Structure formats: C-alpha cells, structure tokens
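Just so it is clear, none of the values below were taken in a lab; they were calculated from the coordinates. Here the structure is a predicted model, which is why all the values come from computation and not from measurement. With ideal geometry, Cβ positions are generated from the backbone for all residues, glycine too; neighbour counts draw on all protein chains shown.
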Amino acid sequence: MNIIKKKNYLITGSAGFIGFHLSKRLLSDNSIVVGIDNINDYYDQNLKKDRNKILKKHQNYKFKKIDIRNYKKLESVFKKYKFDCVINLAAQAGVRYSLINPKSYIDNNIVGFFNVIDLSKKYNVKKILYASTSSIYGIQKKFPIKENFDTNNPIQLYAATKKSNEAIAAAYSKLYSINTVGLRFFTVYGPWGRPDMALFKFVKNIINGKRIDVFNKGKHKRDFTFVDDIVDGIIKIVKKRKKILSHNIYNIGSGKNVSLMDYIKCIEKNLNKKAIKNFLPLQKGDVIKTHSNIQLLKKDYGYVPKTNVAQGVKKFINWYLSYYK
C-alpha cells in the first residue's frame with residue numbers, strides 16, 4: 001500500500017492577508033504548513049493574531065514567531081523541517097508608507113528576502129515562490145500590461161525593492177538550480193484584508209459617516225483581484241511539477257480594470273449608504289491605471305480568475321460587518 005507523503009510548505013508572512021488565505025487552503029488539502037510571521041505593528045496586530053488563531057486550529061499548522069531579517073532564527077526553522085516548497089509573502093507592504101519609512105523596505109524586502117532565498121539554497125529547497133508587485137511597472141501607457149514590459153523605472157522604493165527580489169531570484173535560480181517563481185500581484189482585496197488598503201478604509205469610513213479620501217479626483221483605474229483567485233493561482237503553481245529548472249515571472253490579476261468611482265459605487269450599494277467624498281490630487285508614487293495581461297499564467301498553469309468586483313466587494317463587506325459587529 002502506497003502512503004502518500006504530506007507536502008511540507010514554509011509560508012513567510014502566514015498571519016498576513018494573502019499568507020493567511022493561502023495557509024488555510026493548503027491546510028484544507030492536508031498539507032503541512034510551517035508559518036512564520038513577526039506580527040509587527042504596521043497595522044492592527046489583533047487582526048493578524050485573529051487570523052493566526054484560525055490557522056492554529058489545524059494540527060498541521062506549525063507557527064513560529066520569527067522575523068525574516070534574523071538569519072540565525074530563520075535558519076533554526078530550515079534545520080528542523082525539510083521543505084518541498086518555500087513561499088515568501090513576508091514583506092514591508094504599501095506604496096505610501098515607503099515615503100515615510102524607506103529603511104523598513106530595505107531591511108524587510110531586500111535583507112529579509114535574501115535570508116529566505118539563501119537558506120533555501122543552503123537547505124536544498126528546489127522550489128521558491130515569492131511576492132512581487134504590479135507597482136514594478138511604474139507608469140505605463142500601453143494596456144493590458146505584459147510581463148515583458150519595461151520595469152526599469154519604478155516610481156517608489158517599494159517597487160524598487162521588489163525589482164531587486166526578481167533579480168536576486170533569477171541569479172540564485174541560475175547559480176544553484178532552484179525553480180523560482182515571482183508573482184506580480186495586482187491590487188489584492190477580500191475578507192481579512194489589510195486596514196491600510198482603500199477598500200478597508202472606504203468601508204470603515206462610510207459606515208462611520210466619515211469622509212473618504214479619493215485621490216486623483218477619482219480618475220484612477222485598478223485591476224482589483226479577489227484574494228481567492230490569487231490563492232487559486234498560487235496553488236496551481238505549487239502543485240504542478242516542472243522538470244525544467246527556471247526563473248519565471250507572472251502577472252496575477254483579474255485581467256480587467258475597474259474605475260475607482262465604480263468601485264466606490266459598488267461599496268455604497270452594498271452598504272446602502274452614500275460616501276462623503278473628499279476629492280484630492282494624485283499622490284506622489286501613485287499610478288493612474290493598472291490592467292494585467294494574465295495570458296502567460298493561464299497558458300502555463302490554467303489560471304482563470306472567477307470573482308468579479310461586485311461579488312468580491314460583497315464578500316468583503318459581509319466579513320467586515322461580521323468581524324467588527
């Protein structure tokens with residue numbers, strides 16, 4: 001009788017928004033997930049702790065409160081477990097915060113990323129997935145954006161640090177025969193989302209009768225991607241065996257774009273309440289439009305996003321009202 005060995009995954013940032021949803025899905029497939037998070041105070045720690053509490057209910061979830069910037073502590077995890085795949089989602093996120101605290105981006109997104117990939121090499125992990133970002137494209141004039149478009153002109157430090165991740169991963173892949181996959185996320189949203197993101201802020205302020213800040217006078221367009229679609233894409237990559245060693249980059253988005261004003265209308269409709277809008281000019285470091293071409297991920301892994309904005313916003317609001325009573 002063949003006993004199927006459970007797969008061992010390391011997920012950094014497991015108490016974060018995407019890390020939580022991905023860990024939950026892998027645990028439901030009876031995989032073993034070793035989750036690492038430093039539960040920092042970039043946003044409400046209670047939200048991170050509550051996500052983690054849900055994950056801890058699974059017997060296959062092993063949590064370590066570790067900062068990826070600490071090479072020695074991180075190595076103790078690699079020594080203890082043999083990983084089939086490492087998924088690096090831990091990072092200092094946020095475009096606007098990079099204007100306030102740039103050092104955090106260098107420490108977390110460059111030093112931290114190096115620690116993860118170097119230890120993966122040292123402990124013979126053959127597959128690494130990591131979070132890149134659509135911000136890497138800077139200001140584009142042609143849409144939808146393909147992976148081969150120019151990424152040499154980032155307009156904020158956050159994007160520059162993610163660009164460095166892609167370069168480091170490419171070098172490690174060639175030097176040490178590691179399969180590396182970088183995913184350029186396009187505006188991820190959904191239940192358990194981050195409080196620093198527009199959807200969370202809008203819903204909170206509209207409920208409380210406070211004004212919402214609408215930048216670029218509402219003329220933004222975004223490729224909003226529901227978190228379950230992101231997780232589906234990651235799972236497809238993780239599960240498919242690839243014999244050819246490579247370093248690949250993929251857009252992972254909805255493949256559509258929605259105007260910011262239509263997004264706000266959708267929120268208003270679900271809350272049955274009008275927003276008090278505070279129209280502001282374009283913010284430094286912001287792009288006007290994002291729209292992903294997702295054909296490469298579809299061709300290589302069969303990625304097809306299923307959730308439209310109307311469904312996704314409704315799911316977020318249902319979660320928000322339930323969580324915050």
Can you put TYR81, TYR303 in order of Cβ neighbours within 10 angstrom, beginning with the fewest? TYR81, TYR303
Taking 0.36 nm per intervening residue step and subtracting the Cα-Cα distance, what contour gain separates ASN318 from LYS146 on full extension? 58.5 nm
Taking the number of other C-beta atoms within 10 Å as the exposure measure, put ILE264, ILE136, ILE87 in order starting with the fewest. ILE264, ILE136, ILE87
Peptides ranked, highest mean first, by Cβ atoms within 10 Å: ranges 64-77, 154-167: 154-167, 64-77
Over the chain: helical MRE at 222 nm, DSSP H runs n ≥ 4 each giving -39500 (n - 2.57), nearest 500: -12000 deg cm²/dmol
What is region 1-145 by shape, rounded, prolate or oblate, if you read a ≥ b ≥ c off the alpha carbon gyration tensor as root eigenvalues and call it rounded for a/c under 1.5, prolate for a/b larger than b/c, and oblate otherwise? prolate
Spin-label zone in region 164-195 - amide nitrogen under 18 Å from a point set 7 Å from the Cα of ASP262 along the C-beta vector: 186-189
LYS217/LYS49 FRET efficiency (R0 45 Å; Cβ-Cβ; nearest 0.05): 0.75
Sparse-neighbour loop sites [trypsin sites (Lys or Arg not before Pro); region 77-110; at most 15 other C-beta within 10 Å; DSSP]: LYS82, ARG96
I need the peptides 278-286, 51-59 ranked by packing, meaning the mean over residues of other C-beta atoms within 10 angstrom, with the highest value on top. 51-59, 278-286
Put a dot 7 Å past each Cα toward the Cβ at ASN124 and ASN40; how far apart are the dots in nm? 3.3
